[in-house]
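The values are calculated or read from the model by the stated rules, or taken from the named source; none is laboratory data. Please read all numbers here as calculations on a predicted model, not as lab measurements. Here the Cβ is made from the backbone with ideal geometry for all residues, glycine too, and neighbour counts use every protein chain on show. Heavy atoms of the whole protein, side chains included, go into the accessibility calculation; ligands, DNA and RNA do not. Shrake-Rupley method; radii C 1.70, N 1.55, O 1.52, S 1.80 Å.
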There are 4 protein chains.
Amino acid sequence: MDRGATGEEVERVVAAAERLGLKAHPIPGAQRTAVGITGNKGAVTTAVFEALPGVLEVIRVSHPYKLVSREFHPEDTIVSVGGVPVGGTRIVVIAGPCAVESLEQTVTIAREVKARGADLLRGGAFKPRTSPYAFQGLGEEGLRILAAARDATGLPVVTEVLDTAHVELVAAYADCLQIGARNMQNFELLKKAGKTGKPVLLKRGMSATLEEFLLAAEYVLAEGNPNVVLCERGIRTFSDFTRNTLDLSVVPAVERLSHLPIIVDPSHGTGRREKVVPMSRASIAAGADGIAVEVHNNPAEALSDGPQALTPGMFSELMSQIRPIAMAVGRTA
Amino acid sequence: MDRGATGEEVERVVAAAERLGLKAHPIPGAQRTAVGITGNKGAVTTAVFEALPGVLEVIRVSHPYKLVSREFHPEDTIVSVGGVPVGGTRIVVIAGPCAVESLEQTVTIAREVKARGADLLRGGAFKPRTSPYAFQGLGEEGLRILAAARDATGLPVVTEVLDTAHVELVAAYADCLQIGARNMQNFELLKKAGKTGKPVLLKRGMSATLEEFLLAAEYVLAEGNPNVVLCERGIRTFSDFTRNTLDLSVVPAVERLSHLPIIVDPSHGTGRREKVVPMSRASIAAGADGIAVEVHNNPAEALSDGPQALTPGMFSELMSQIRPIAMAVGRTA
Amino acid sequence: MDRGATGEEVERVVAAAERLGLKAHPIPGAQRTAVGITGNKGAVTTAVFEALPGVLEVIRVSHPYKLVSREFHPEDTIVSVGGVPVGGTRIVVIAGPCAVESLEQTVTIAREVKARGADLLRGGAFKPRTSPYAFQGLGEEGLRILAAARDATGLPVVTEVLDTAHVELVAAYADCLQIGARNMQNFELLKKAGKTGKPVLLKRGMSATLEEFLLAAEYVLAEGNPNVVLCERGIRTFSDFTRNTLDLSVVPAVERLSHLPIIVDPSHGTGRREKVVPMSRASIAAGADGIAVEVHNNPAEALSDGPQALTPGMFSELMSQIRPIAMAVGRTA
Amino acid sequence: MDRGATGEEVERVVAAAERLGLKAHPIPGAQRTAVGITGNKGAVTTAVFEALPGVLEVIRVSHPYKLVSREFHPEDTIVSVGGVPVGGTRIVVIAGPCAVESLEQTVTIAREVKARGADLLRGGAFKPRTSPYAFQGLGEEGLRILAAARDATGLPVVTEVLDTAHVELVAAYADCLQIGARNMQNFELLKKAGKTGKPVLLKRGMSATLEEFLLAAEYVLAEGNPNVVLCERGIRTFSDFTRNTLDLSVVPAVERLSHLPIIVDPSHGTGRREKVVPMSRASIAAGADGIAVEVHNNPAEALSDGPQALTPGMFSELMSQIRPIAMAVGRTA
């Protein structure tokens, strides 16, 4: 309460809490009175209290999410993506081109990464592009190509869905629906992806707090779909030597608050090929359950995001460098 | 080029440019060679060059947008929203509740703000909410209520559309489609809103650069719809005394780069009622074409965002304070 | 407390509070217990409690500053800088070159700005420069030039002090000591500037929260010097179309929390000359007590920060534009 | 140049470059002319050009620093701190209390960390504190205690210097002068620390770009002192689950641009004890040359920063976890 709040104003806060079925506990202090409010089973809007006269600030003490919370589900969740477990002892490596460009390109890259130890194939058929004049992806043709690459290699497929109108289409081809950073708070998309029951790879938004990230996952779980893999891909800050700032501390933070697996995308996170290998090592060392990297057989001619794609040779080097790190943290890769 | 780049590497950059129909101009310096590239009519991907050996950095000198640019359309655009011109001499005031809660609430507020000088009615029927457990809006029922409030007051209606699946529905009721900050880079939604031809109020994303903001508008214009009103609503920074940091410098920046009108939303921008009036004054003084504010007849019981809503009395005060500022900058309100 | 905290752990928190002479109020809730702590007259370190077993989080409810707080000093403070009141009804305009370059340049500019309505002269004799190879200022020679410009025009002088070793020297010449953004948390400098009793113009650090800003001022007041003028000059964010992001909402926020006057520096805040006039208008409209702008008689040859300096002609235009805004908010300029 | 820049305006840019002894290379494009400028041996101010009519933007292509640059000094620098090499194959661990509180506390902790494998002792005698009412450190008495702890354990001492007035005093006791994040751009302090010739541990400022960080180090090297160890300790962002956002990508970025060693401080970087061990692992995996961590024998009663301090037991765990990571990247710890 404000320093000058009257007893009557305190009473009105207590009454407001009781109207909501909660209990209010006034705590008189030397200079002002605080009111503790308890008894809420779900999330309570703070607005009811903030709008009352004499109220200085409403401070939330418990978390607004439930289903994603480790408090309510203490054991680690392991998500099966086309038979590949994400979240267990084994580090998962997701690799492939930024965009699906052609059948030949995609199958070639899929074989290259499979041979070098990748677990899942990634590739964009629907591409979110900052400019309307940039290549927007092959659409359904791209999905067919990804399915063909899966047939050729056995690698399950992760691909992005941009719009509720495409959820069923993408789910018909993919083993895992990716929801990109720009759509992390596209709530209709989260709900519809949740309804499919398919695994969802949810990327953290560029300016998402940890609480917003977990609440976005809560949208999927609230539809009865527990198969969410979180993915850190860098946040937007003033720091300008990388495209985004990879916020690796989120890995142990998620591990503490949630039972969901979390992987890291160091390609988008740094935007620079030469930082992908060291930041992949760091991700695994921080405790991530896997990494997602872009690999292209010809980065110089890639239709999108060439500068962050690894060549197959660099991907070999990446695999050989993360294996000892995985062992050092008691895992395999 | 890198300091140690060979002549052959420079040649390869020149050849790559020529393959794209561009001209390359090598400029040898004391320590390294730069290559200027000209001749591009549209946007060129920098990836082609960044991936070549010997290339240190690709620096873009011209803008990737065209249709929104003042270079290509020097005169100010005036967007008509249900007959109300946005972008002309008169400052436009958009007011209404955060969420449409009931017919009575909405019509009451609409009458209050109309009587005090508002030009357009705002109110959310589809609400983007961080938590899946928060009130998500009345949906089509909310749209019908907004239409009734328009009938009752004559105020054209601005309301948010969250999903491509609802664009036609919302367009059937609203005079202007709002695309919220979380959807600024929901490119499918931008395209579909563009196709309706209806005015679009496009809010800046929480971590959007000015270039991304203008490119999002370019998506709408590229569909043949020139009726875009930009809206600054605060960006996400470390600064924690307001919910977002209102970046008012974007107003003169947009005015310089683009012909589109720009308004400011100081309610979401600050998240605090007591800052709405001073920041509204500042917005008009900075050159904004209008403001959008939340007004509620009973903020203490508002179903969302109560702490930032003005009462009708505060809205009167706001109007009386922005009028002299508008006059001071040669406009009316 | 943690959800699983034991009664014994709660007792230990209560005991820790009592050892510090405070009172603890346990509030048992449905799922966890909170403990309210009251009775602190000054600031209490939260670390004592955070380190105890079973403690989930320590949330500070009251402010850690006192002397700068409006709670303890409700009336506005008016700081006299060489006889010019800062914080009263009249808007104060501080103008001058970024760096003092020569006697002729400084006196010329001082006369130009005086003739057009400036109240105080600014100019750097000691310059903080990002690069060791950039012009570092004329030092004491620059101070003598500023004093001569004051003699020539009657304008009191504001100039920056960079180091405790120079505080007495600068105080011997200047009417007001400026502490720059990079030194906002140079606590020894704050203390020593406080001891001089001279007015201090304290610029907000590039990444300073409002609380840190006010605590930096508290360092000066704690030395018995109440003459502090706060100055917003832009914060560092991802937003890249201005050099810094001018956070104008801090103006009403400071006005609410503190009795100290606050001005705005739109030259450094935006880094671009063409944004100085609109953002000066916006600053006054937001409620600022003044502005500080860079003026140079020949910006093209300025030794530092040319692109943000106004010509004398632009400064005339600025003055003619802020006067009606000042009147619109009930002030004069 | 601007799209509408005249030939005469281009000529004026060329002439300005020639007056500075540089060469200008106009490159006419389809829509506008660019001018490449070469021949600068040191840093050139861009302001001269930005202020000329017709100039749209000045883009810097080469780096403004020299001495810290790997281009000019390709081999890794190894800094000897009291005989301990920083920057070689062996990972360096700096450990100790946040603040020196007493002889007994400091010697106890020094012995604990020495026994568990620390290489250097850290501890603050002069403490930069946000509030003037917080414990400011023991000053010279603290320095004497650190020296005694060195005598007792053989661990060289790293301690912070806050003010130019204390540089000689601190240098008389310490093996390495720490310059804290808040003072990264206290240029007088950098110069004076440089002049001592002592190793300098330079922490990155909370909002420092990589270029500013390297230029701050350049200040020390420009005084003839090549013994600089860089330290990443977290940047300030919107992300609120840690106190700062540890920007580990800076490690490979520094490694590429500079020959100086870089370590990471995960205690301040995260502000939370439970994140120190995983982020230490991640730092070493990213390629850091060492870590600096806070250890306290009784964190619950530490006079500052208790929540981020490790107990000696946790420090043992840390050492046992980073050793296999060091081995995995071909180093020892």
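Quick one: count up the residues across segment D:148-162 that are out of contact with any Lys or Arg (no Cβ under 9 Å at 6 or more places or on another chain) and touching a residue at least 12 places away in the same chain (Cβ under 8 Å).
The total comes to 2.
Are any residues in segment D:50-69 touching a strand residue (DSSP E or B) at 6+ places or on another chain (Cβ under 7 Å), assigned to a loop (DSSP other than H, G, I, E, B) and modelled with pLDDT of 90 or more, and if so, which ones?
D:V68
Name the residue, out of D:L190, D:L215, D:L210, D:L202, that is over 22 Å from D:G82 (Cα atoms) and either in contact with a helix residue (DSSP H, G or I) (Cβ under 7 Å, 6 or more places away or on another chain) or more than 13 Å from every other protein chain (Cβ to nearest Cβ) (or both).
Only one candidate passes the filter, namely D:L210.
Only residues that are open to solvent by 20 Å² or more (accessible area, probe 1.4 Å) and within 13 Å of chain B (Cβ to nearest Cβ): list them for segment A:170-184, please.
Of everything in segment A:170-184, just one residue is open to solvent by 20 Å² or more (accessible area, probe 1.4 Å) and within 13 Å of chain B (Cβ to nearest Cβ), namely A:R182.
Residue-by-condition table, conditions (1) at pLDDT below 95; (2) within 19 Å of D:G330 (Cβ to Cβ):
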| site | (1), (2) |
| --- | --- |
| D:S239 | yes, no |
| D:S258 | no, no |
| D:I263 | no, yes |
| D:G269 | yes, no |
| D:P278 | no, no |
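Do we find that B:G330 is in a loop (DSSP other than H, G, I, E, B) and open to solvent by 20 Å² or more (accessible area, probe 1.4 Å) in this structure?
In short, yes.
Go through (1) within 19 Å of B:G287 (Cβ to Cβ); (2) under 20 Å from the mean Cα position of the chain (by Cα); (3) within 14 Å of chain D (Cβ to nearest Cβ); (4) not in a helix (DSSP H, G or I) one by one and return the number of the condition C:V293 breaks.
(3)
So D:G313 ticks every box in (1) closer than 24 Å to D:F241 by Cα; (2) part of a helix (DSSP H, G or I); (3) of a type in the set (G, A, S) but one. Which box is left unticked?
(1)
For D:G142, work out the one condition from (1) open to solvent by less than 40 Å² (accessible area, probe 1.4 Å); (2) within 14 Å of another protein chain (Cβ to nearest Cβ) it doesn't fulfil.
(2)
Tell me, which residue of segment C:126-137 that is within 19 Å of the chain's Cα centre (by Cα) and more than 8 Å from chain D (Cβ to nearest Cβ) is surrounded by the most Cβ atoms within 10 Å (Cβ to Cβ)?
Once the filter is applied, the top-ranked residue is C:F126.
Of all the residues that make up segment B:88-117, how many are in contact with a strand residue (DSSP E or B) (Cβ under 9 Å, 6 or more places away or on another chain), surrounded by 21 or more Cβ atoms within 10 Å (Cβ to Cβ) and within 20 Å of B:Q178 (Cβ to Cβ)?
Counting residues in segment B:88-117 that are in contact with a strand residue (DSSP E or B) (Cβ under 9 Å, 6 or more places away or on another chain), surrounded by 21 or more Cβ atoms within 10 Å (Cβ to Cβ) and within 20 Å of B:Q178 (Cβ to Cβ) gives 14.
Among the residues in segment D:71-83, are any more than 9 Å from chain C (Cβ to nearest Cβ), at pLDDT 90 or above, closer than 26 Å to C:Y133 by Cβ and surrounded by 18 or more Cβ atoms within 10 Å (Cβ to Cβ)?
Yes, segment D:71-83 contains a residue that is more than 9 Å from chain C (Cβ to nearest Cβ), at pLDDT 90 or above, closer than 26 Å to C:Y133 by Cβ and surrounded by 18 or more Cβ atoms within 10 Å (Cβ to Cβ).
Would you tally the residues in segment C:218-244 being open to solvent by 10 Å² or more (accessible area, probe 1.4 Å), facing chain D (nearest Cβ under 9 Å) and touching a Pro at 6+ places or on another chain (Cβ under 9 Å)?
Matching residues across segment C:218-244 total 3.
Restricting to segment D:256-276, give me the number of residues that are more than 8 Å from chain A (Cβ to nearest Cβ), open to solvent by 20 Å² or more (accessible area, probe 1.4 Å) and over 19 Å from D:M206 (Cα atoms).
2
Looking at segment B:173-188, which of its residues are in a strand (DSSP E or B) and closer than 18 Å to A:A181 by Cβ?
B:I179
Output the residue which, of all residues in segment C:1-20 that are open to solvent by less than 60 Å² (accessible area, probe 1.4 Å) and closer than 18 Å to A:P28 by Cα, is modelled with the lowest pLDDT.
C:A17
Please enumerate the residues belonging to segment C:281-333 that are more than 15 Å from B:A328 (Cβ to Cβ) and hydroxyl-bearing (S, T, Y).
Selection gives C:S304, C:T311, C:S316.
Restricting the first residue to segment B:61-90 and requiring it to be of a type in the set (S, T, N, Q), which pairs with a second residue that is exposed (fewer than 15 other Cβ atoms within 10 Å of the Cβ) and assigned to a strand (DSSP E or B) meet a Cβ separation below 9 Å and a spacing of at least six or different chains?
Cβ pairs passing all conditions: B:T89/B:T332.
So how many residues does segment B:296-319 have that are more than 11 Å from every other protein chain (Cβ to nearest Cβ) and open to solvent by 60 Å² or more (accessible area, probe 1.4 Å)?
Looking only at that region, the number is 3.
Where residues in segment A:157-169 are hydrophobic (A, V, I, L, M, F, W, C) and either within 12 Å of chain B (Cβ to nearest Cβ) or part of a strand (DSSP E or B) (or both), which of them is most open to solvent (accessible area, probe 1.4 Å)?
A:A165
Kindly indicate whether B:T209 is surrounded by fewer than 23 Cβ atoms within 10 Å (Cβ to Cβ) and not aliphatic (A, V, I, L, M).
So B:T209 fits the description; yes.
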